Amino acid sequence: MDNENEILLERLNTLRQEHRDLDAAVAALESSGSTDMLQIKRLKKRKLQLKDEIRHLADTILPDIIA
């Protein structure tokens, strides 16, 4: 069980890093005045997918405990 949590934590960290990288990429495109709105839209959509996956993994690792 402990090994499984380590694997999930590693995956979670990887997803969080990818999310940060995409955030930086979107910011760079927007600040550069890029007119490639389709590319920006795709990056933002991927960020949302990552956010959902991050939330799901985080809940799996540390489920809410109702007191």
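Angle of helix 37-61 to the longest C-alpha principal axis of the chain, folded into 0 to 90 degrees and rounded to 10: 10°.
Need the full-extension length gain, Leu29 to Asp59, defined as separation in residues times 0.36 nm minus the C-alpha distance. One decimal, nm. Walk me through the numbers on the way to the answer.
On the way: separation 30, 0.36 × 30 = 10.80 nm, distance 3.21 nm.
So the chain would gain 7.6 nm between Leu29 and Asp59.
222 nm [θ] for the chain, helices only, -39500 (n - 2.57) per DSSP H run of 4+, per residue, to 500? Mind dumping the intermediate values first?
Numbers: 2 runs with 55 residues, N = 67.
Computed ellipticity for the chain at 222 nm equals -29500 deg cm²/dmol.
Quick note: the coordinates plus some simple rules give every number you see, no bench work behind them. The structure presented is a predicted model; accordingly, all values stated were derived computationally and were not measured.
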